[in-house]
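Data first, discussion second: the structure below is written as structure tokens.
Readers should treat all values here as calculations from the given coordinates under stated rules, not as data from a laboratory. It should be emphasised that the depicted structure is a prediction, and the values quoted were computed from it without experimental measurement. Using ideal geometry, Cβ is built from the backbone for each residue, glycine included, and neighbour counts are taken over all protein chains shown.
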Amino acid sequence: MKIVGSFNLKSFLKVLSLISILAAGASAQDDDNWPSLAYLRNDYKAVTVVAHIRIQQAEITARIGGYENWKIVGEVLEPFKGKFKKGDVIEYFHGAEAGFKQEYFTGEKLIFLLAEYGRDRKLHYSVLENSTLPYTADRVRKLRAIKRSYRSPRTRKSHNHSSVFATTFAR
């Protein structure tokens, strides 16, 4: 009877381990698809600039209480919304709780920026809170779809007909 009880405990532990592994895999899969298209669309609507950038420089410009203000400079790799083009350098500010390491502000990011005029009457950009995301192919695919959906119907028509025109009359 002791052997049977031991066997059941071992089986139970194996099943429990398998369930936790599957749950972790499902959670990782959800992270790959997060944020949802609707979530990205809401952030897209709320800002002036959306872009995929490579951060070149990040430095703390001010500390207030338990917060730090970071000045970020990066190269636009792909614009989704706003006046910036591929290859442009963009400067913006990112407020964060104190203690973030500089490595957090490096690499490729998807940024959502608000624009406002400062006391110096120049346009300054700052991040929409909790919207800066690491680059993933899924997120970029979603942003491209959102960008396409915001083109005017006239622009969408001309893009659709231009390829038909080119293939029909280019002979």
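Among residues of region 58-87 that are surrounded by 11 or more Cβ atoms within 10 Å (Cβ to Cβ), those with a beta-carbon under 6 Å from a residue that is among the hydroxyl-bearing types (S, T, Y) at least six positions away or on a different chain give the pairs N69/T61; K71/T61; I72/Y92; G82/T48.
For region 89-103, the candidate set comprises residues that are surrounded by fewer than 14 Cβ atoms within 10 Å (Cβ to Cβ) and not small (G, A, S); within that set, the residue that is nearest to E129 (Cα to Cα) is E97. Summed over region 100-133, the residues that are more than 19 Å from A46 (Cα to Cα) and in contact (Cβ under 8 Å) with a residue 12 or more places away in the chain give a count of 6.
This table checks each residue for (1) of a type in the set (G, A, S); (2) touching a helix residue (DSSP H, G or I) at 6+ places or on another chain (Cβ under 8 Å).
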residue	(1), (2)
A62	yes, no
L77	no, no
K83	no, no
Y117	no, no
D120	no, no
L123	no, no
T132	no, no
K142	no, yes
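Here K71 clears all of (1) within 17 Å of the chain's Cα centre (by Cα); (2) over 12 Å from T132 (Cα atoms) except the condition numbered (1).
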